Amino acid sequence: MKFHEKVLVIGTIAGVVFLIWHGKSHSPSRSAATAEVDLTTLPSASRWLAEKQPVRLQKAPQSFASILAALRMKLHQWREACSSGSDDQEDQARLTREMLAMVTDENVAKLAQSLSADEMETPFGVGALHHWMQLDPVQATDWIASRADTTEAQTRAVADDWIAHGAGLQAYIAQLPDMEWKQTFLNDLSAQMSVKDPSAAIKMAQQMNPGPAQTSSLQGAICNWVGTDPQTAWSWMAGVKDPSVREQLVVSAAQSYALTDPAQAAAWLLSEFNSCDDGTVRNAVLNIVKTWVAKDSDGAANWVTQFPDGDAKAAAVAVVSSYWQQTDPAAATAWMQNLSGAPTPAN
């Protein structure tokens, strides 16, 4: 290489070095690894040299295996914090937040499916499940439904997310095979809906297979429904075709409504049954009397006097008398003496 060519190359290299040094010294917030040079302003030889410089360093993404290993290490730390006592609740919360921060839309499904049954039961496992449900409720629910070790808490969490999600729930239920998990799922959906929308809870419970579990779900919903819309609730109960189920619903609803209006609850109850001596009805009558006598002793006493003679009347009289003797002994004694066939309480 000729002397003047050497000088040119050395000058070019020096120019590049000066530009890089100048950028570093005048841009303290940018490192050499992230400094950018406008290559179009440099001579071709200088541009070639600058292109060989690293413009920006990018951190290599973590592999799934490394993420899972890091999560399991933190899960181990979380368990240790749990076993050490309540003083470490802050550490438990911090570790849970750190673990959930490692969950992304891209890895959540694979992560959840990689967790053991015990790991799924941790706050992290529940949080990952909620993340997956928000992303793909059908896939997440199918996986939960297929597991032999799915817990009631996990099914409730899935039901919660479906109710919040709303769209597509009924279509999803319709395509579920008739299996035990479906019954549990419907029961949890009904229970979660019962307070805010009891009529929707009734519809959900109606999709369950007939039996004690379905009746129990219907009872829970009807007790809430009768508190918000009693006339509609009682009209719906009148249309229940199974007499045994209808009896249990009426009894539950009457006892629940007695807290609001015992007189109306009593009237509804007796309009459905000819006798108060049936075991289920008798218990409901006594529960209503106990509620009523505390609010209106005279009203409860007058209702009881209308009962036909029998075990239910005798038990109801005893309830009223016992309470009334504590609050107004003279009135209670006079009432007892006027009852046909009722014993007069001892002085």
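Only the coordinates and a few stated rules stand behind these numbers; no lab work does. If you're wondering where the values come from, they're calculated on a predicted model, not measured in any experiment. Virtual Cβ from ideal backbone geometry, glycine too; neighbours counted across all protein chains shown.
How much length would be gained if the chain were fully extended between Asp149 and Gln113, taking 0.36 nm per residue of separation minus their Cα-Cα distance, in nm to one decimal? Don't skip to the end; give the middle numbers.
Working: separation 36, 0.36 × 36 = 12.96 nm, distance 1.26 nm.
Net length gain for the segment: 11.7 nm.
Exceedance of the 21 Å cut-off in Cα-Cα distance is limited, within the set Lys110/Lys182; Lys290/Lys313; Lys203/Lys290, to Lys110/Lys182; Lys203/Lys290.
Given a Förster radius of 41 Å and the C-beta distance between Asp328 and Thr280 as r, what FRET efficiency does 1/(1 + (r/R0)^6) yield to the nearest 0.05?
Numbers: r = 32 Å, r/R0 = 0.77.
With a Förster radius of 41 Å, E is 0.85.
Ordering Glu121, Glu247 by the number of other Cβ atoms within 10 Å of each residue's own Cβ, fewest first, gives Glu121, Glu247.
Tell me, Lys196, Lys241, Lys74, Lys313 in order of fewest to most beta-carbon neighbours within 10 Å? Before the final figure, lay out the partial values.
On the way: Lys196 11, Lys241 6, Lys74 17, Lys313 21.
Ordered from fewest to most neighbouring Cβ atoms within 10 Å, Lys196, Lys241, Lys74, Lys313 come out as Lys241, Lys196, Lys74, Lys313.
For the peptides 129-138, 281-290, the ranking by mean Cβ contacts within 10 Å, running from highest to lowest, is 281-290, 129-138.
With the Cα gyration tensor of segment 258-347 giving a ≥ b ≥ c as the square roots of its eigenvalues, does the rule (a/c under 1.5 for rounded; else a/b larger than b/c for prolate; else oblate) give rounded, prolate or oblate? Mind dumping the intermediate values first?
Numbers: a/c = 2.16, a/b = 1.40, b/c = 1.54.
Verdict is oblate for segment 258-347.
Entry note, segment 212-272: relative contact order of 34 percent, from Cα contacts under 8 Å with a spacing of 6+ residues.
Among rounded, prolate and oblate, which fits segment 132-281 when a ≥ b ≥ c are the square roots of the eigenvalues of its C-alpha gyration tensor, a/c under 1.5 means rounded, and a/b larger than b/c means prolate?
On the way: a/c = 2.86, a/b = 2.17, b/c = 1.31.
In terms of gyration-tensor shape, prolate.
What order do you get for 291-299, 143-151, 186-194 when each peptide is scored by the mean count of other beta carbon atoms within 10 Å, highest first? Present the calculation step by step, with values, prior to reporting the outcome.
Values: 291-299: 16.9, 143-151: 13.7, 186-194: 22.0.
Listed from highest to lowest mean packing, they are 186-194, 291-299, 143-151.
Where does each of 202-213, 328-339 land if you order them by average Cβ count within 10 Å, highest first? Numbers along the way, then the final one.
On the way: 202-213: 16.2, 328-339: 14.2.
Ranking, from highest mean packing down: 202-213, 328-339.
About its Cα centre, segment 177-243 has a charge dipole of approximately 100 debye under the convention of +1 per Lys or Arg Cβ and -1 per Asp or Glu Cβ, with nothing else charged. What does a probe at Asp136 reach in segment 98-112, counting residues whose amide N is under 18 Å from the point 7 Å along Cα→Cβ? Answer for this model: 103-112. The label point for Asn338 and the one for Met73, both projected 7 Å from the Cα toward the Cβ, are 8.4 nm apart. Computed about the Cα centre, the dipole magnitude for segment 258-347 is approximately 160 debye when only Lys and Arg (+1) and Asp and Glu (-1) carry charge, each at its Cβ.
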